[in-house]
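The values are calculated or read from the model by the stated rules, or taken from the named source; none is laboratory data. Nothing here was measured: the structure is a model prediction, and the numbers come from that model. Here the Cβ positions follow ideal geometry from the backbone for every residue, glycine too, while neighbour counts run over all protein chains shown.
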């Protein structure tokens with residue numbers, strides 16, 4: 001019996017949203033249908049659980065956060081007032097210049113300066129005019145994970161690779177060859193640079209982060225409320241609270257947005273308002289990364305320590321704690337604890353070591369890596385498909401048996417099992433005949449050879465199945 | 001507070017009035033805590049997330065233009081911050097399920113707290129809710145958001161549509177598929193199957209109890225489309 005539960009009807013029944021006739025019909029169906037009985041029980045079970053969630057008391061203590069909230073309220077209020085004063089101060093300074101000009105006008109009436117300008121200026125309170133414009137403090141990013149050859153691109157004479165923990169300051173330029181680099185620039189905000197990427201930190205301020213992508217790709221995760229722009233001239237990709245990747249090659253720019261909203265701006269004009277999930281490219285032949293593929297940058301965590309990965313010639317790619325790094329020497333910061341460190345070689349073989357990172361940091365040794373057999377993914381073939389593939393060869397298999405009966409073993413009969421292994425491509429990789437000791441080699445070889453020629457549709461993994469093989473002379 | 005009062009309060013905060021910032025916190029903290037609680041489920045991190053939400057509110061209040069209601073803007077920001085926390089939490093290494101010692105401590109706490117339920121019942125209920133949230137957190141962000149708002153928070157489809165900024169029809173579609181995924185998960189996860197079985201005892205008057213492993217219904221489902 002094959003039946004899909006009538007979910008919509010069951011949900012409507014449980015919500016009391018069916019007509020009397022509808023309810024009568026679905027109840028009659030449920031009475032006869034074990035699938036829908038079970039499904040209704042699941043719907044009801046969920047309802048009970050949802051009610052339990054709804055009736056759960058919410059106990060949140062706000063006392064512990066009160067001090068932090070008050071501090072932040074004060075800091076933000078001061079920041080806003082600082083900006084306001086700064087604007088007023090700038091206006092006042094302009095006013096003072098204008099006032100001087102006005103005085104100048106009086107002595108040199110040929111100059112055209114509107115006297116109203118002067119009046120407007122004089123309304124500014126002198127004490128506010130004395131406040132200096134507040135320069136927003138710069139912030140520093142920090143390299144959280146690195147593999148390959150990332151260098152400080154600013155210092156052309158130095159080809160010293162950047163290391164984990166190195167600061168990223170406003171104006172710095174990062175140049176990557178082969179490798180990956182993850183940088184945290186602010187609380188909850190960071191980026192990961194792909195291979196062959198050059199990036200300049202144009203502006204790293206408490207209130208604004210601007211990164212200029214000269215070429216390559218940058219994946220960003222931005223905490224809500226952070227002003228964060230990626231410049232990929234002639235475009236500016238503006239974002240608040242999102243995860244996205246920008247690729248650039250010359251004047252070609254492509255954006256993949258996995259989460260949030262970004263705006264693509266060119267010459268102060270909005271080119272594209274993007275809401276996730278969305279992809280955009282400036283040129284048809286320059287493709288944005290697949291949706292869902294944007295790398296999540298690694299962020300710094302309090303208490304994290306240095307973890308070093310060796311320059312093991314076998315490894316082309318490292319995977320650790322959800323992070324992928326190119327092979328070779330690499331380093332990252334991580335919280336002390338247990339990790340499964342994995343590496344792939346170029347033939348796809350897997351190496352693994354269960355590593356305990358101590359509070360003082362640690363380094364993995366190449367010798368600790370052990371080759372691991374990847375668990376094969378289980379494939380599936382319907383029995384009807386197997387039968388269809390076998391059917392044309394049944395006559396051949398029967399002839400194998402008949403030849404054996406005629407030549408050597410006229411009384412040969414019995415029940416056997418044919419064990420067939422199928423590879424990912426649908427080809428037979430192995431055939432065994434269980435209890436094959438009893439089968440004469442010519443017959444066994446003939447059957448195995450025939451079965452080895454079977455070609456199945458791709459089963460979506462590897463697959464082994466057994467078929468009964470009944471040899472009986474009476475069946476002829 | 002009327003809409004005009006809210007607008008005035010936000011305008012004061014945007015102008016740098018420290019008291020207005022704090023007032024926003026004291027007026028909306030319960031609302032924010034409830035949303036965070038509903039989305040995250042029982043978690044020791046709820047207070048951290050609430051604090052993080054308000055720090056974000058303060059830092060981005062300048063970008064609130066008043067196109068939508070303040071409560072809608074606040075909800076979206078809360079949902080985003082909570083989502084980020086959940087994602088971070090997922091990426092952190094997890095430890096085994098509730099250790100015995102912790103379970104004993106919780107039981108002890110519930111005994112001291114007293115109440116209508118027995119401590120054992122209260123603990124069982126808490127564990128059921130935790131198991132449900134483990135399944136809820138496996139849903140995609142979009143489906144989880146709609147399900148939580150509708151089934152845990154009690155919002156109507158049109159309220160959700162306004163809050164989330166999607167059509168009502170999309171709300172209904174996401175809700176349907178979210179529930180469908182959860183129903184399947186309830187039975188196929190070991191912890192979930194326990195919940196279903198436990199609750200099926202209570203529901204025995206409404207539905208026949210069938211063990212999944214042996215029921216013809218489940219056999220039929222395995223081969224069904």
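Data overview
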{"quantity": "Flag for residue B:85 being touching a helix residue (DSSP H, G or I) at 6+ places or on another chain (Cβ under 9 Å) and within 7 Å of another protein chain (Cβ to nearest Cβ)", "calculated": "no"}
{"quantity": "Within region A:401-445, considering residues that are touching a helix residue (DSSP H, G or I) at 6+ places or on another chain (Cβ under 6 Å), free of Cβ contacts under 8 Å to residues at least 24 places away in the same chain and not in a strand (DSSP E or B), the one surrounded by the fewest Cβ atoms within 10 Å (Cβ to Cβ)", "calculated": "A:436"}
{"quantity": "Some residue of region B:172-186 being at pLDDT below 90, outside any helix (DSSP H, G or I) and touching a helix residue (DSSP H, G or I) at 6+ places or on another chain (Cβ under 7 Å)", "calculated": "no"}
{"quantity": "Subset of region A:27-37 that is crowded, with 19+ Cβ neighbours inside 10 Å and free of Cβ contacts under 8 Å to residues at least 24 places away in the same chain - its residue that is farthest from the other protein chains (Cβ to nearest Cβ)", "calculated": "A:30"}
{"quantity": "Qualifying positions in region A:305-325 - crowded, with 19+ Cβ neighbours inside 10 Å and modelled with pLDDT under 85", "calculated": "A:323"}
{"quantity": "Which listed residue is without any contact (Cβ under 8 Å) to a residue 12 or more places away in the chain and farther than 25 Å from residue A:193 by Cα, from A:371, A:367", "calculated": "A:367"}
{"quantity": "Residues of region B:125-157 classified as under 12 Å from the mean Cα position of the chain (by Cα) and part of a helix (DSSP H, G or I), total", "calculated": "18"}
{"quantity": "Members of region A:239-277 that are farther than 25 Å from residue A:196 by Cβ and within 14 Å of another protein chain (Cβ to nearest Cβ)", "calculated": "A:240, A:241, A:259, A:260, A:261, A:263, A:273, A:275, A:276, A:277"}
{"quantity": "Residue, modelled with the lowest pLDDT, within region A:60-90, restricted to residues that are more than 9 Å from chain B (Cβ to nearest Cβ) and in contact with a helix residue (DSSP H, G or I) (Cβ under 9 Å, 6 or more places away or on another chain)", "calculated": "A:89"}
{"quantity": "Lone qualifier among A:52, A:47 - being more than 7 Å from chain B (Cβ to nearest Cβ), touching a helix residue (DSSP H, G or I) at 6+ places or on another chain (Cβ under 9 Å), closer than 29 Å to residue B:146 by Cβ and in a helix (DSSP H, G or I)", "calculated": "A:47"}
{"quantity": "Per-region count, region B:42-52, residues in contact with a helix residue (DSSP H, G or I) (Cβ under 9 Å, 6 or more places away or on another chain), surrounded by fewer than 21 Cβ atoms within 10 Å (Cβ to Cβ) and more than 7 Å from chain A (Cβ to nearest Cβ)", "calculated": "4"}
{"quantity": "Subset tally (residues that are at pLDDT below 85 and more than 22 Å from residue B:181 (Cβ to Cβ)) for region A:1-29", "calculated": "3"}
{"quantity": "Verdict on residue A:188 being away from chain B (no Cβ under 14 Å), at positive phi and crowded, with 18+ Cβ neighbours inside 10 Å", "calculated": "no"}
{"quantity": "Among (1) farther than 18 Å from residue B:88 by Cα; (2) part of a helix (DSSP H, G or I) - the single one residue B:66 does not satisfy", "calculated": "(2)"}
{"quantity": "Hits in region A:216-240 (condition: at positive phi and in contact with a strand residue (DSSP E or B) (Cβ under 8 Å, 6 or more places away or on another chain))", "calculated": "A:216"}
{"quantity": "Among the candidates A:230, A:264, residue that is in a strand (DSSP E or B), closer than 26 Å to residue A:299 by Cβ and more than 20 Å from the chain's Cα centre (by Cα)", "calculated": "A:264"}
{"quantity": "Any hit, region B:69-79, residues being at the interface with chain A (Cβ under 8 Å from one of its Cβ atoms) and either assigned to a helix (DSSP H, G or I) or within 20 Å of residue A:75 (Cβ to Cβ) (or both)", "calculated": "yes"}
